[in-house]
Amino acid sequence: MQLAQQRTTQQWQAADAAHFLHPFTDFQALAKKGSRIITRAENIYLWDSEGRKVLDAMSGLWCVNVGYGQQRLIDAATQQLRELPFYNAFFQTATPPAIALAELLSEVTPPQFQHVFFTGSGSEGNDTVVRMVRRYWDLQGQPQRKVIISRRNAYHGSTMAGASLGGMADMHAQGGLPIPDIVHIDQPYWVQHGQGMSRDEFGLVAARWLEDKILELGPERVAAFIGEPVQGAGGVIIPAATYWPEVQRICDKYGILLVSDEVICGFGRTGRWFGCETFGARPDLMTFAKGVTSGYIPLGGVMVGDRVAKTLIEQGGEFEHGYTYSGHPVACAVALANIGLIRELKLVEQVHDNTGPYLAEAFASLREHPLVGDAETCGLMGALLLVKDKAGLKPFDRTVGIGMVCRGHCFANGLIMRAVGNRMIIAPPLVMTRAQIDEMTALIRRCLDLTLADAQREGWL
Ligand code: PXG
(Lines give C-alpha, C1' and ligand atoms only; values in the text may rest on other atoms or scores of the structure.)
Protein backbone atom coordinates (compact mmCIF):
# COMPACT_ATOMS: atom_id res chain seq x y z
CA MET A 1 0.00 0.00 0.00
CA GLN A 2 1.18 3.55 -0.77
CA LEU A 3 2.27 5.50 2.31
CA ALA A 4 -0.51 8.05 1.75
CA GLN A 5 -3.17 5.38 2.06
CA GLN A 6 -1.80 3.91 5.28
CA ARG A 7 -3.50 6.49 7.53
CA THR A 8 -6.63 8.60 7.49
CA THR A 9 -6.51 12.36 7.00
CA GLN A 10 -7.08 12.87 10.73
CA GLN A 11 -4.22 10.53 11.61
CA TRP A 12 -1.83 12.35 9.27
CA GLN A 13 -2.95 15.68 10.71
CA ALA A 14 -2.43 14.52 14.28
CA ALA A 15 1.11 13.25 13.60
CA ASP A 16 1.86 16.42 11.63
CA ALA A 17 0.71 18.64 14.50
CA ALA A 18 2.72 16.57 17.00
CA HIS A 19 6.08 16.64 15.20
CA PHE A 20 6.38 18.78 12.09
CA LEU A 21 7.28 22.48 12.39
CA HIS A 22 6.28 23.96 9.03
CA PRO A 23 8.08 26.90 7.37
CA PHE A 24 6.55 30.38 7.75
CA THR A 25 3.78 28.98 9.95
CA ASP A 26 2.12 29.82 13.26
CA PHE A 27 2.67 26.34 14.70
CA GLN A 28 -0.06 26.48 17.30
CA ALA A 29 -2.71 27.88 14.96
CA LEU A 30 -1.98 25.22 12.33
CA ALA A 31 -1.99 22.42 14.91
CA LYS A 32 -5.52 23.46 15.91
CA LYS A 33 -6.76 23.69 12.35
CA GLY A 34 -4.95 20.72 10.81
CA SER A 35 -2.86 20.76 7.61
CA ARG A 36 -4.24 19.97 4.21
CA ILE A 37 -2.53 16.75 3.20
CA ILE A 38 -1.54 16.56 -0.46
CA THR A 39 -1.06 13.01 -1.67
CA ARG A 40 -0.55 13.02 -5.43
CA ALA A 41 -0.34 15.17 -8.55
CA GLU A 42 -0.54 15.04 -12.33
CA ASN A 43 0.04 17.77 -14.93
CA ILE A 44 -1.31 20.97 -13.28
CA TYR A 45 -3.56 19.23 -10.73
CA LEU A 46 -3.10 18.05 -7.16
CA TRP A 47 -5.23 15.68 -5.08
CA ASP A 48 -5.56 15.87 -1.32
CA SER A 49 -6.05 13.02 1.13
CA GLU A 50 -9.83 13.41 0.86
CA GLY A 51 -9.61 12.83 -2.89
CA ARG A 52 -10.36 16.47 -3.79
CA LYS A 53 -8.82 17.72 -7.04
CA VAL A 54 -7.14 21.12 -7.01
CA LEU A 55 -5.82 23.22 -9.89
CA ASP A 56 -2.34 24.27 -8.79
CA ALA A 57 -1.95 27.80 -10.11
CA MET A 58 1.25 28.23 -8.04
CA SER A 59 3.34 25.41 -9.56
CA GLY A 60 3.97 23.91 -6.13
CA LEU A 61 5.89 26.95 -4.89
CA TRP A 62 6.80 28.69 -8.16
CA CYS A 63 8.80 25.69 -9.28
CA VAL A 64 7.00 22.87 -11.10
CA ASN A 65 7.53 24.49 -14.51
CA VAL A 66 7.07 21.29 -16.55
CA GLY A 67 4.07 20.17 -14.49
CA TYR A 68 3.73 17.06 -12.36
CA GLY A 69 4.27 13.46 -13.43
CA GLN A 70 6.85 13.96 -16.21
CA GLN A 71 8.26 10.50 -16.84
CA ARG A 72 11.50 11.82 -18.29
CA LEU A 73 12.46 13.44 -14.99
CA ILE A 74 11.39 10.39 -13.00
CA ASP A 75 13.50 8.11 -15.21
CA ALA A 76 16.52 10.42 -15.01
CA ALA A 77 16.38 10.37 -11.21
CA THR A 78 15.84 6.61 -11.02
CA GLN A 79 18.67 5.80 -13.38
CA GLN A 80 21.09 8.13 -11.61
CA LEU A 81 20.10 6.75 -8.19
CA ARG A 82 21.02 3.30 -9.43
CA GLU A 83 24.25 4.29 -11.09
CA LEU A 84 25.67 6.77 -8.59
CA PRO A 85 23.31 8.22 -5.97
CA PHE A 86 25.90 10.55 -4.53
CA TYR A 87 29.39 11.74 -4.83
CA ASN A 88 30.74 15.14 -3.87
CA ALA A 89 32.51 17.78 -5.92
CA PHE A 90 35.11 18.63 -3.30
CA PHE A 91 38.63 17.15 -3.31
CA GLN A 92 39.24 17.53 -7.04
CA THR A 93 36.43 15.22 -8.13
CA ALA A 94 33.33 15.63 -10.28
CA THR A 95 30.45 13.53 -11.60
CA PRO A 96 29.22 13.43 -15.21
CA PRO A 97 25.71 14.86 -14.49
CA ALA A 98 27.17 17.90 -12.70
CA ILE A 99 29.66 18.55 -15.51
CA ALA A 100 27.05 18.11 -18.23
CA LEU A 101 24.62 20.40 -16.41
CA ALA A 102 27.28 23.09 -15.95
CA GLU A 103 27.88 22.92 -19.69
CA LEU A 104 24.16 23.03 -20.55
CA LEU A 105 23.53 25.97 -18.22
CA SER A 106 26.26 27.90 -20.01
CA GLU A 107 24.31 27.27 -23.20
CA VAL A 108 20.83 28.33 -22.05
CA THR A 109 21.90 31.37 -19.99
CA PRO A 110 22.98 34.72 -21.52
CA PRO A 111 26.42 34.68 -23.18
CA GLN A 112 28.37 36.27 -20.31
CA PHE A 113 27.74 33.14 -18.24
CA GLN A 114 30.20 30.29 -18.76
CA HIS A 115 30.54 29.13 -15.16
CA VAL A 116 28.26 27.90 -12.39
CA PHE A 117 28.56 27.29 -8.64
CA PHE A 118 26.01 24.71 -7.48
CA THR A 119 24.07 24.86 -4.22
CA GLY A 120 21.09 23.01 -2.77
CA SER A 121 18.60 25.90 -2.77
CA GLY A 122 17.96 29.50 -3.71
CA SER A 123 18.81 30.69 -0.21
CA GLU A 124 22.19 28.97 -0.35
CA GLY A 125 22.63 30.51 -3.79
CA ASN A 126 22.19 33.99 -2.38
CA ASP A 127 24.53 33.25 0.51
CA THR A 128 27.03 32.24 -2.16
CA VAL A 129 26.38 35.52 -3.96
CA VAL A 130 27.26 37.53 -0.84
CA ARG A 131 30.49 35.61 -0.31
CA MET A 132 31.43 35.75 -3.98
CA VAL A 133 30.72 39.46 -4.38
CA ARG A 134 32.82 40.31 -1.34
CA ARG A 135 35.62 37.97 -2.44
CA TYR A 136 35.60 39.59 -5.88
CA TRP A 137 36.10 43.09 -4.49
CA ASP A 138 38.81 41.89 -2.10
CA LEU A 139 40.65 40.40 -5.07
CA GLN A 140 40.16 43.65 -6.96
CA GLY A 141 42.00 45.42 -4.15
CA GLN A 142 38.85 47.24 -3.04
CA PRO A 143 37.95 45.48 0.22
CA GLN A 144 35.95 48.51 1.36
CA ARG A 145 33.33 47.66 -1.30
CA LYS A 146 31.13 45.56 0.94
CA VAL A 147 27.65 47.06 0.76
CA ILE A 148 25.00 45.21 -1.19
CA ILE A 149 21.89 47.19 -2.06
CA SER A 150 18.60 45.36 -2.26
CA ARG A 151 14.94 46.38 -2.07
CA ARG A 152 12.19 46.45 0.50
CA ASN A 153 9.64 43.69 -0.02
CA ALA A 154 12.18 41.60 -1.96
CA TYR A 155 12.46 37.89 -1.15
CA HIS A 156 15.89 36.30 -1.43
CA GLY A 157 15.56 33.34 0.94
CA SER A 158 15.54 32.43 4.60
CA THR A 159 19.17 31.87 5.58
CA MET A 160 20.92 34.69 7.46
CA ALA A 161 22.24 36.27 4.27
CA GLY A 162 19.16 35.43 2.18
CA ALA A 163 16.79 36.97 4.71
CA SER A 164 19.09 39.98 5.07
CA LEU A 165 19.14 40.58 1.33
CA GLY A 166 15.37 40.20 1.36
CA GLY A 167 13.39 43.23 2.36
CA MET A 168 10.74 41.60 4.51
CA ALA A 169 10.42 43.63 7.72
CA ASP A 170 8.79 40.75 9.64
CA MET A 171 11.72 38.49 8.82
CA HIS A 172 14.27 41.13 9.86
CA ALA A 173 12.45 41.55 13.16
CA GLN A 174 13.23 37.93 14.09
CA GLY A 175 16.93 37.24 14.58
CA GLY A 176 18.62 40.63 14.44
CA LEU A 177 18.71 41.08 10.67
CA PRO A 178 19.92 42.34 8.31
CA ILE A 179 23.56 41.36 8.77
CA PRO A 180 25.97 44.32 8.35
CA ASP A 181 26.44 46.09 5.02
CA ILE A 182 23.15 45.17 3.43
CA VAL A 183 20.84 48.13 2.79
CA HIS A 184 17.48 48.52 1.09
CA ILE A 185 15.77 50.97 -1.24
CA ASP A 186 12.07 51.06 -2.10
CA GLN A 187 10.54 48.62 -4.55
CA PRO A 188 9.38 49.71 -8.02
CA TYR A 189 5.72 49.24 -7.10
CA TRP A 190 3.69 51.80 -9.01
CA VAL A 191 0.51 51.34 -6.93
CA GLN A 192 2.42 52.16 -3.74
CA HIS A 193 4.78 54.88 -4.91
CA GLY A 194 3.96 55.95 -8.44
CA GLN A 195 0.32 56.98 -8.78
CA GLY A 196 0.11 60.32 -10.56
CA MET A 197 3.01 59.38 -12.85
CA SER A 198 2.92 57.22 -15.94
CA ARG A 199 4.30 53.76 -15.23
CA ASP A 200 7.31 54.40 -17.46
CA GLU A 201 8.11 57.69 -15.75
CA PHE A 202 7.85 55.95 -12.40
CA GLY A 203 10.18 53.16 -13.56
CA LEU A 204 12.93 55.74 -14.06
CA VAL A 205 12.20 57.43 -10.73
CA ALA A 206 12.37 54.08 -8.90
CA ALA A 207 15.64 53.11 -10.61
CA ARG A 208 17.16 56.43 -9.59
CA TRP A 209 16.56 55.58 -5.92
CA LEU A 210 19.46 53.21 -6.52
CA GLU A 211 21.68 56.05 -7.66
CA ASP A 212 20.61 58.19 -4.69
CA LYS A 213 21.54 55.37 -2.32
CA ILE A 214 24.91 54.80 -4.05
CA LEU A 215 25.74 58.49 -3.70
CA GLU A 216 24.56 58.58 -0.09
CA LEU A 217 26.79 55.61 0.83
CA GLY A 218 29.71 56.68 -1.37
CA PRO A 219 30.16 54.71 -4.60
CA GLU A 220 33.52 53.36 -3.39
CA ARG A 221 31.70 51.38 -0.67
CA VAL A 222 29.07 49.75 -2.89
CA ALA A 223 29.73 46.19 -4.06
CA ALA A 224 26.51 45.13 -5.79
CA PHE A 225 22.82 45.58 -6.39
CA ILE A 226 20.51 42.56 -6.23
CA GLY A 227 16.95 42.26 -7.46
CA GLU A 228 14.36 39.80 -8.73
CA PRO A 229 13.36 40.79 -12.30
CA VAL A 230 9.75 40.47 -11.10
CA GLN A 231 9.34 40.29 -7.31
CA GLY A 232 7.56 37.00 -6.75
CA ALA A 233 6.85 36.40 -3.07
CA GLY A 234 6.44 40.16 -2.66
CA GLY A 235 3.24 39.92 -4.72
CA VAL A 236 4.26 39.64 -8.39
CA ILE A 237 5.44 43.24 -8.59
CA ILE A 238 6.12 43.76 -12.32
CA PRO A 239 8.37 46.76 -12.92
CA ALA A 240 7.86 49.20 -15.79
CA ALA A 241 9.88 48.48 -18.93
CA THR A 242 12.06 51.52 -18.12
CA TYR A 243 13.22 50.21 -14.73
CA TRP A 244 15.85 47.53 -15.40
CA PRO A 245 17.66 49.28 -18.28
CA GLU A 246 18.07 52.30 -16.01
CA VAL A 247 19.28 50.11 -13.12
CA GLN A 248 21.79 48.59 -15.54
CA ARG A 249 22.96 52.05 -16.63
CA ILE A 250 23.48 53.09 -13.00
CA CYS A 251 25.38 49.90 -12.10
CA ASP A 252 27.62 50.40 -15.12
CA LYS A 253 28.21 54.05 -14.28
CA TYR A 254 29.53 53.21 -10.80
CA GLY A 255 31.11 49.88 -11.75
CA ILE A 256 29.02 47.93 -9.25
CA LEU A 257 28.02 44.31 -9.80
CA LEU A 258 24.46 43.54 -10.85
CA VAL A 259 22.89 40.39 -9.45
CA SER A 260 19.66 39.03 -10.89
CA ASP A 261 17.83 36.67 -8.55
CA GLU A 262 16.21 34.34 -11.07
CA VAL A 263 14.95 31.77 -8.57
CA ILE A 264 11.36 32.43 -9.67
CA CYS A 265 11.85 34.17 -13.03
CA GLY A 266 14.36 31.66 -14.42
CA PHE A 267 13.64 28.78 -16.78
CA GLY A 268 10.85 30.30 -18.81
CA ARG A 269 8.54 31.90 -16.28
CA THR A 270 8.59 35.35 -17.94
CA GLY A 271 8.52 34.06 -21.54
CA ARG A 272 12.31 34.13 -21.98
CA TRP A 273 14.77 31.69 -20.44
CA PHE A 274 15.66 34.26 -17.77
CA GLY A 275 13.83 37.31 -16.45
CA CYS A 276 16.82 39.59 -17.09
CA GLU A 277 16.38 38.87 -20.80
CA THR A 278 12.73 39.94 -20.66
CA PHE A 279 13.61 43.18 -18.87
CA GLY A 280 16.84 44.15 -20.62
CA ALA A 281 19.51 43.71 -17.94
CA ARG A 282 22.95 42.13 -18.27
CA PRO A 283 23.74 40.78 -14.80
CA ASP A 284 27.17 39.75 -13.52
CA LEU A 285 25.69 37.02 -11.32
CA MET A 286 22.41 35.12 -11.47
CA THR A 287 20.89 33.05 -8.66
CA PHE A 288 18.72 30.13 -9.73
CA ALA A 289 16.84 27.22 -8.07
CA LYS A 290 13.23 25.98 -8.29
CA GLY A 291 12.56 25.72 -12.06
CA VAL A 292 16.01 24.28 -12.80
CA THR A 293 14.63 20.87 -11.73
CA SER A 294 10.95 21.88 -11.84
CA GLY A 295 11.13 21.25 -8.08
CA TYR A 296 11.27 17.46 -8.51
CA ILE A 297 14.41 17.48 -6.39
CA PRO A 298 16.27 20.33 -4.66
CA LEU A 299 18.95 22.17 -6.62
CA GLY A 300 20.14 25.75 -6.81
CA GLY A 301 23.17 27.70 -7.85
CA VAL A 302 24.79 30.86 -9.05
CA MET A 303 25.69 31.60 -12.65
CA VAL A 304 28.97 33.48 -12.56
CA GLY A 305 29.55 35.98 -15.34
CA ASP A 306 32.89 36.43 -17.07
CA ARG A 307 33.86 39.54 -15.14
CA VAL A 308 33.66 37.80 -11.74
CA ALA A 309 34.70 34.35 -12.97
CA LYS A 310 37.94 35.64 -14.49
CA THR A 311 38.99 37.26 -11.23
CA LEU A 312 38.03 34.30 -9.05
CA ILE A 313 39.74 31.82 -11.35
CA GLU A 314 42.87 33.75 -12.29
CA GLN A 315 43.61 35.56 -9.04
CA GLY A 316 41.49 33.87 -6.40
CA GLY A 317 43.30 30.77 -5.21
CA GLU A 318 40.99 28.61 -3.13
CA PHE A 319 37.42 29.88 -2.68
CA GLU A 320 36.59 28.78 0.84
CA HIS A 321 32.95 27.96 0.26
CA GLY A 322 30.80 24.98 -0.69
CA TYR A 323 28.05 22.58 0.29
CA THR A 324 27.87 18.79 0.61
CA TYR A 325 25.25 18.82 -2.12
CA SER A 326 27.00 21.25 -4.52
CA GLY A 327 26.53 19.42 -7.82
CA HIS A 328 24.50 16.51 -6.40
CA PRO A 329 24.48 13.95 -9.24
CA VAL A 330 20.79 12.99 -8.92
CA ALA A 331 19.66 16.62 -8.79
CA CYS A 332 21.87 17.46 -11.77
CA ALA A 333 20.54 14.47 -13.73
CA VAL A 334 16.98 15.66 -13.11
CA ALA A 335 17.93 19.20 -14.15
CA LEU A 336 19.42 17.89 -17.40
CA ALA A 337 16.19 16.02 -18.16
CA ASN A 338 14.09 19.03 -17.15
CA ILE A 339 15.95 21.51 -19.35
CA GLY A 340 15.87 18.97 -22.16
CA LEU A 341 12.10 18.72 -21.80
CA ILE A 342 11.60 22.50 -21.63
CA ARG A 343 13.50 22.72 -24.92
CA GLU A 344 11.73 19.81 -26.57
CA LEU A 345 8.26 21.04 -25.63
CA LYS A 346 9.33 24.58 -26.59
CA LEU A 347 7.81 25.82 -23.34
CA VAL A 348 9.66 29.12 -23.32
CA GLU A 349 8.42 29.93 -26.83
CA GLN A 350 4.93 28.70 -25.92
CA VAL A 351 4.75 31.09 -22.96
CA HIS A 352 6.18 33.95 -25.01
CA ASP A 353 4.03 33.57 -28.12
CA ASN A 354 0.92 31.76 -27.02
CA THR A 355 -0.09 31.12 -23.41
CA GLY A 356 1.53 34.26 -21.94
CA PRO A 357 -0.43 36.64 -24.22
CA TYR A 358 -3.54 34.50 -23.69
CA LEU A 359 -3.19 34.79 -19.90
CA ALA A 360 -2.72 38.55 -20.29
CA GLU A 361 -6.07 38.75 -22.12
CA ALA A 362 -7.77 36.61 -19.50
CA PHE A 363 -6.46 38.82 -16.70
CA ALA A 364 -7.45 41.96 -18.61
CA SER A 365 -11.01 40.62 -18.70
CA LEU A 366 -10.93 40.25 -14.88
CA ARG A 367 -10.31 44.01 -14.60
CA GLU A 368 -14.05 44.42 -15.13
CA HIS A 369 -14.78 42.69 -11.85
CA PRO A 370 -15.87 45.19 -9.16
CA LEU A 371 -13.12 44.02 -6.75
CA VAL A 372 -10.23 44.18 -9.21
CA GLY A 373 -8.36 47.49 -9.29
CA ASP A 374 -5.47 46.27 -11.38
CA ALA A 375 -4.57 43.08 -13.25
CA GLU A 376 -1.05 42.45 -14.52
CA THR A 377 0.82 39.54 -16.00
CA CYS A 378 4.33 38.78 -17.21
CA GLY A 379 4.73 35.52 -19.07
CA LEU A 380 2.99 32.94 -16.92
CA MET A 381 2.81 34.91 -13.69
CA GLY A 382 0.12 37.36 -12.73
CA ALA A 383 -1.46 39.44 -9.99
CA LEU A 384 -4.87 40.91 -9.28
CA LEU A 385 -5.06 43.90 -6.95
CA LEU A 386 -8.21 43.72 -4.83
CA VAL A 387 -9.60 47.15 -4.00
CA LYS A 388 -12.48 48.62 -2.08
CA ASP A 389 -12.99 51.29 -4.68
CA LYS A 390 -11.49 51.35 -8.16
CA ALA A 391 -11.23 55.15 -8.05
CA GLY A 392 -7.74 55.88 -6.76
CA LEU A 393 -7.30 52.14 -6.10
CA LYS A 394 -8.66 52.64 -2.59
CA PRO A 395 -7.63 49.66 -0.43
CA PHE A 396 -9.80 47.66 1.96
CA ASP A 397 -9.25 48.19 5.64
CA ARG A 398 -6.26 46.01 6.60
CA THR A 399 -8.26 44.30 9.34
CA VAL A 400 -10.55 42.79 6.69
CA GLY A 401 -7.71 40.66 5.27
CA ILE A 402 -9.40 40.64 1.87
CA GLY A 403 -6.68 38.54 0.24
CA MET A 404 -7.03 35.79 2.84
CA VAL A 405 -10.80 35.79 2.41
CA CYS A 406 -10.38 35.32 -1.33
CA ARG A 407 -7.70 32.66 -0.81
CA GLY A 408 -10.11 30.77 1.46
CA HIS A 409 -12.65 30.67 -1.37
CA CYS A 410 -9.95 29.47 -3.78
CA PHE A 411 -9.04 26.58 -1.48
CA ALA A 412 -12.69 25.64 -1.04
CA ASN A 413 -13.28 25.73 -4.80
CA GLY A 414 -10.36 23.64 -6.01
CA LEU A 415 -7.87 26.37 -6.88
CA ILE A 416 -4.50 27.20 -5.38
CA MET A 417 -3.88 30.91 -5.68
CA ARG A 418 -1.69 32.87 -3.23
CA ALA A 419 -2.65 36.03 -1.37
CA VAL A 420 0.05 38.61 -0.65
CA GLY A 421 -1.73 41.37 1.23
CA ASN A 422 -4.37 42.59 -1.19
CA ARG A 423 -2.72 40.99 -4.23
CA MET A 424 -3.97 37.62 -5.49
CA ILE A 425 -1.16 35.96 -7.42
CA ILE A 426 -0.56 33.02 -9.72
CA ALA A 427 2.42 31.33 -11.35
CA PRO A 428 1.01 28.17 -12.97
CA PRO A 429 3.06 25.39 -14.60
CA LEU A 430 4.41 26.42 -18.01
CA VAL A 431 2.71 23.41 -19.60
CA MET A 432 -0.68 25.01 -18.90
CA THR A 433 -2.82 25.09 -22.05
CA ARG A 434 -5.25 27.76 -23.26
CA ALA A 435 -8.18 25.56 -22.21
CA GLN A 436 -6.66 25.27 -18.74
CA ILE A 437 -6.19 29.04 -18.60
CA ASP A 438 -9.94 29.33 -19.31
CA GLU A 439 -10.67 26.80 -16.58
CA MET A 440 -8.45 28.70 -14.10
CA THR A 441 -9.96 32.07 -15.05
CA ALA A 442 -13.49 30.76 -14.49
CA LEU A 443 -12.46 29.50 -11.03
CA ILE A 444 -10.83 32.84 -10.21
CA ARG A 445 -13.97 34.69 -11.31
CA ARG A 446 -16.13 32.47 -9.11
CA CYS A 447 -13.88 33.09 -6.10
CA LEU A 448 -13.90 36.85 -6.74
CA ASP A 449 -17.70 36.76 -6.82
CA LEU A 450 -17.81 34.86 -3.53
CA THR A 451 -15.38 37.36 -2.00
CA LEU A 452 -17.51 40.26 -3.25
CA ALA A 453 -20.60 38.65 -1.73
CA ASP A 454 -18.77 38.44 1.62
CA ALA A 455 -17.71 42.07 1.34
CA GLN A 456 -21.29 43.17 0.65
CA ARG A 457 -22.73 41.05 3.44
CA GLU A 458 -20.13 42.08 6.02
CA GLY A 459 -20.22 45.78 5.09
CA TRP A 460 -16.53 45.99 4.08
CA LEU A 461 -17.24 48.08 0.99
N1 PXG B 1 15.10 33.99 -4.24
C2 PXG B 1 13.84 34.12 -4.66
C3 PXG B 1 13.51 35.17 -5.66
C4 PXG B 1 12.83 33.27 -4.18
O5 PXG B 1 11.58 33.43 -4.60
C6 PXG B 1 14.52 32.20 -2.83
C7 PXG B 1 15.45 33.06 -3.35
C8 PXG B 1 14.97 31.16 -1.84
O9 PXG B 1 14.96 29.91 -2.40
P10 PXG B 1 14.86 28.60 -1.45
O11 PXG B 1 15.08 27.49 -2.42
O12 PXG B 1 15.95 28.69 -0.47
O13 PXG B 1 13.50 28.64 -0.82
C14 PXG B 1 13.18 32.28 -3.25
C15 PXG B 1 12.16 31.34 -2.70
C16 PXG B 1 6.29 32.47 -1.27
C17 PXG B 1 7.58 31.75 -1.21
O18 PXG B 1 5.60 32.51 -0.24
C19 PXG B 1 8.57 32.02 -2.12
C20 PXG B 1 9.81 31.38 -2.01
C21 PXG B 1 10.02 30.45 -0.99
C22 PXG B 1 9.00 30.19 -0.09
C23 PXG B 1 7.78 30.84 -0.17
O24 PXG B 1 5.93 33.01 -2.31
N25 PXG B 1 10.82 31.72 -2.88
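The values are calculated or read from the model by the stated rules, or taken from the named source; none is laboratory data. Not measured: the values here are computed from a predicted model. So basically every Cβ, Gly included, is an ideal-geometry build from the backbone, and we count neighbours across all protein chains shown. Each accessible area value is taken on the protein alone, full model and side chains, heavy atoms only, with ligands, DNA and RNA left out. Shrake-Rupley method; radii C 1.70, N 1.55, O 1.52, S 1.80 Å.
Things worth noting here:
- In this structure, the amide hydrogen of His184, modeled 1.01 Å from its nitrogen in the peptide plane, lies closer than 5 angstrom to those of Ser150, counting only residues at least 5 positions away or on a different chain.
- Electrostatic bookkeeping for Arg131 treats Lys and Arg as +1 and Asp and Glu as -1; over the other residues with beta carbon under 11 Å from its beta carbon, the sum is -2.
- Taking all protein chains as shown and a probe of 1.4 angstrom, Lys390 keeps an accessible surface of around 80 Å².
- Listed residues Phe396, Phe411, Phe20 arranged by accessible area, highest first, probe 1.4 Å: Phe20, Phe411, Phe396
- Close amide H partners of Arg418, meaning residues 5 or more places away or on another chain with modelled amide H under 5 Å apart, are Ile425.
- Considering helices alone, the calculated mean residue ellipticity of the chain at 222 nm is -12500 deg cm²/dmol, with DSSP H runs of length four and up weighted by -39500 (n - 2.57) and normalised per residue.
- For the chain: accessible area per residue (Å², 1.4 Å): 43 Å²
- Note on segment 70-128: with neighbouring protein chains present and a 1.4 Å probe, carbon and sulfur make up 58 percent of its accessible heavy-atom surface.
- Longest stretch of the chain clear of exposed loop sites (GluC sites (Glu not before Pro), DSSP loop, at most 10 other Cβ atoms within 10 Å, sites excluded): 51-317.
- Within the chain, all pairs of alpha-carbon atoms sorted by distance into 10 Å bins from zero give the percentages 4, 19, 30, 28, 14, 4, 0.
- Among the protein heavy atoms, those of Ser158 account for about 70 Å² of accessible surface (1.4 Å probe, every chain in place).
- Around the Cα centre of the chain, unit charges on the Cβ atoms of Lys, Arg, Asp and Glu (plus for the first two, minus for the last two) sum to a dipole of about 700 debye.
- Inter-part distance where segment 415-461 and segment 228-267 are each reduced to a Cα centre, Å: 27 Å
- Alpha-carbon gyration tensor eigenvalues x 5, square-rooted, for segment 71-344, Å: 31, 21, 17
- Between amide H atoms placed 1.01 Å from N, distances below 5 Å from His115 occur with Val304, all of them 5 or more places distant or on a separate chain.
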